[in-house]
Structure formats: C-alpha cells, structure tokens
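Chemist: Encoded as structure tokens, here's the structure I'll be asking about.
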Amino acid sequence: MTDVTEDAALQPVVAAELLSLAGLLSTMSAEQWDTPSLCAGWRVREVVAHMTMAARYSEEEFMAELKRCGFDFTRLSNEVAARDAGLPVDELVGNLRSEVMLHWAPPGGGYHGALNHAVIHGLDVTEPLGVGRLSPDDTIRIILGDLTQGETHGQFGIDIARRRLEATDLDWSFGAGPVLRGPAADLALVLCGRSVPLGRLDGAPLARLPGAGRAAPMQWFSHPDDDMFSAKCGWGDHGLVSRVGDRRRRRGGARVRRLSLQRPVRPRGHRDRRGRAGSGGRRLRFKAHHAGPG
C-alpha cells in the first residue's frame, strides 16, 4: 500500500483540497468574497488571488514581475494579490480548478509544500466565513506532521520546544511538556502564526522565537564562486519565499550592499503552468556587490 505521506502520492490530496475550496467559494456572495481573511490586510479574494498565481503567470511573466519589484518576493506577492483580487470571482474559482493548480508544486517544496499552501490558506478563508476546515482528518494530520517535524513553524516565529500539542477532534499529538490542546485546524493555524478566538485552545499560548515578526531569512545556497549566491524562488505558505531586495549579508568580513541578478537556473522538480514536468523551478543566481569590510 502506498504511503500517502510520500510526496508523489499527495498530488490527488492537493487537488481535492483545491476543488473543495473552489466548490465552497463558487456559492459565496460578493460580500462574502470581501470578508477579511486571517492574512492581515487581505480579504478572501486577495488570498485566492495569491493562491492561484501559478495559474495566471508563465515563468517569463513571473520573472518580469519579480524584476519589476526589485526581486523583493514579499512585495511581489502583495502587489499581485492586490491587483488580481479584482478579477471576476468566476475566474478565480476557475483558477483553483485549473489543471495547472491541481498539479502545481512549489520549487523545492514538492506536493507537501503545495498541500500546506492549500490547507493553510484554505483555513485563512474558511475560518472567517464560519465554515471551518474542509480538509479530512488524514489531510490535516499530514499538515500537523509537516508543521511540527520540520522547521516550518520556525518560519512563522513559533517555538514548540518543550511543549506538547494534542488535537481534540482526531488522534494526533506531538512533543512533551505543558500541553496545548484544541481542534486540529486551530493547532495548525497557531503553528503558522495565526490567531484563533479565545477559548478554542486549552493551555498556555505557544511562545514566539526571538526576532519573530520580521521578514523570513533568505534561503542561501553555496556556490564555488565566493561572490555568487543562489536563492530559491517559489511560493511559500503565506507568500513568496522571503526577500532579496536590499538584504545585507556578511561573507568573509565584507558587507554585501546589494545583489544583482546574474541568470536564472532551473533545477529539477518544476512543473510548468500546464502541469507538465520540466527541468526545474527557478533558482536565481545573484552577484554580491561588497561595500567593504565591517
């Protein structure tokens, strides 16, 4: 029997999540589409516009947008969401149902990344609408495993060291220490830095890591040339992965003042906008312009 947690086995699970959300949203009124989501400053329509970027932008179009935004992934994510939120809701629902989205996975994140993206942003939408989670128990259990076993929770500034988490609506638990207990969806949301209404969770809130709330650190990759860095580019759980822009980075005592794009490299694992497997997603190479020691 195939282990559903194997990455390749998750594509139908991702598709089911997106189709379920599309089915719900297709029945919603214009007022409900304007409901504030759990993503600060975004309504339901901005969240869906963000979720479905891959259905509307080719690699070339995405790179052009990224360059326009100074290679600041957070700025790009916010601007595209704000702009595309004005699309007809039928088009946004159609994007969720498109073959592109049903087979899309973030570069480097695989279908586990796509599933986290679909489920968490789905909750960002359904919780304010009063619907709750659409995900079946097996799916939310995978999400909780991903959020606790890896380093994903740290990306949202959440510290789960020496804590025990227990779901009250399914058989799942993690860790040891003072218990935080509640519905599985609420546990997933707090692990991703979201807030849930008082009284839904039982136990002391999870602590935040030092420096939480700032932009996620850039994901750097080594390169034989000391003046070259590689940055992974793709969609994360609530936005494009991190920032480039004016990032400073020390290397060998020299301060990096700015980065300029050298050329895109496409590693394996990418799937294009039509769902076709290709040679890879975008891995961007940048040259560091040093500002001198210090």
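Chemist: Name the residues in region 134-188 that are assigned to a loop (DSSP other than H, G, I, E, B), of a type in the set (S, T, Y) and under 20 Å from G110 (Cα atoms), would you?
Modeler: Applying the first criterion (assigned to a loop (DSSP other than H, G, I, E, B)) to region 134-188 yields 134-136, 150-151, 156-157, 160-163, 168-172, 176-178, 183.
Those still in the list that are of a type in the set (S, T, Y) too: 135, 168.
Hit for region 134-188 is S135, nothing else.
Chemist: Tell me yes or no: at least one residue of region 82-94 is touching a His at 6+ places or on another chain (Cβ under 7 Å) and assigned by TED's automatic domain parsing to the domain that holds T168. Lay out the reasoning, then the answer.
Modeler: Our first condition is that a residue be touching a His at 6+ places or on another chain (Cβ under 7 Å); within region 82-94, this holds for none.
Within region 82-94 (the criterion being touching a His at 6+ places or on another chain (Cβ under 7 Å) and assigned by TED's automatic domain parsing to the domain that holds T168), the answer is no, since none of the residues qualifies.
Chemist: Another question, if that's okay. Does E127 meet the test of being surrounded by fewer than 19 Cβ atoms within 10 Å (Cβ to Cβ) and assigned by TED's automatic domain parsing to the domain that holds L25? First the steps, then the outcome.
Modeler: Working: surrounded by fewer than 19 Cβ atoms within 10 Å (Cβ to Cβ): no; assigned by TED's automatic domain parsing to the domain that holds L25: yes.
Spelling it out, it is not the case that E127 is surrounded by fewer than 19 Cβ atoms within 10 Å (Cβ to Cβ) and assigned by TED's automatic domain parsing to the domain that holds L25.
Chemist: If you check every pair at least six apart or on different chains, which have Cβ atoms under 6 Å apart with a residue in region 16-28 that is surrounded by 17 or more Cβ atoms within 10 Å (Cβ to Cβ) first and a residue that is of a type in the set (D, E, K, R) and in a helix (DSSP H, G or I) second?
Modeler: A22/R97
Chemist: Hey, T5 hits all of (1) surrounded by fewer than 18 Cβ atoms within 10 Å (Cβ to Cβ); (2) among the β-branched types (V, I, T); (3) modelled with pLDDT of 95 or more but one; which does it fall short on?
Modeler: So T5 meets the others, but not (3).
Chemist: Oh, and also: Could you check how many residues of region 64-77 are crowded, with 16+ Cβ neighbours inside 10 Å, in contact (Cβ under 8 Å) with a residue 24 or more places away in the chain and not hydroxyl-bearing (S, T, Y)?
Modeler: Total satisfying the criteria: 6.
Chemist: May I ask you to verify whether G109 is under 17 Å from the mean Cα position of the chain (by Cα), modelled with pLDDT under 95 and assigned by TED's automatic domain parsing to the domain that holds A184? Write out each step before concluding.
Modeler: Working: under 17 Å from the mean Cα position of the chain (by Cα): yes; modelled with pLDDT under 95: yes; assigned by TED's automatic domain parsing to the domain that holds A184: yes.
Against the criterion (under 17 Å from the mean Cα position of the chain (by Cα), modelled with pLDDT under 95 and assigned by TED's automatic domain parsing to the domain that holds A184), G109 qualifies.
Chemist: Further question on the same structure: Please determine whether any residue of region 38-48 is farther than 24 Å from E127 by Cα, crowded, with 20+ Cβ neighbours inside 10 Å, in the same structural domain as P136 (by TED's automatic domain parsing) and in contact with a Ser or Thr (Cβ under 8 Å, 6 or more places away or on another chain). Don't jump to the end; show me each part of the working.
Modeler: The first filter runs over region 38-48 and keeps only residues farther than 24 Å from E127 by Cα, leaving none.
Scanning region 38-48 turns up no residue that is farther than 24 Å from E127 by Cα, crowded, with 20+ Cβ neighbours inside 10 Å, in the same structural domain as P136 (by TED's automatic domain parsing) and in contact with a Ser or Thr (Cβ under 8 Å, 6 or more places away or on another chain).
Chemist: Do the conditions hold for R83, that is, is it modelled with pLDDT of 95 or more and of a type in the set (K, R)? Give the derivation first.
Modeler: Details: modelled with pLDDT of 95 or more: yes; of a type in the set (K, R): yes.
Yes, satisfied.
Chemist: Kindly establish whether I142 is at pLDDT below 95 and either within 28 Å of D7 (Cα to Cα) or surrounded by fewer than 14 Cβ atoms within 10 Å (Cβ to Cβ) (or both). Please lay out each step first, then the result.
Modeler: Working: at pLDDT below 95: no; either within 28 Å of D7 (Cα to Cα) or surrounded by fewer than 14 Cβ atoms within 10 Å (Cβ to Cβ) (or both): yes.
Against the criterion (at pLDDT below 95 and either within 28 Å of D7 (Cα to Cα) or surrounded by fewer than 14 Cβ atoms within 10 Å (Cβ to Cβ) (or both)), I142 does not qualify.
The values are calculated or read from the model by the stated rules, or taken from the named source; none is laboratory data. Quick caveat: nothing in here was measured; it's all calculated off a predicted structure. So basically every Cβ, Gly included, is an ideal-geometry build from the backbone, and we count neighbours across all protein chains shown.
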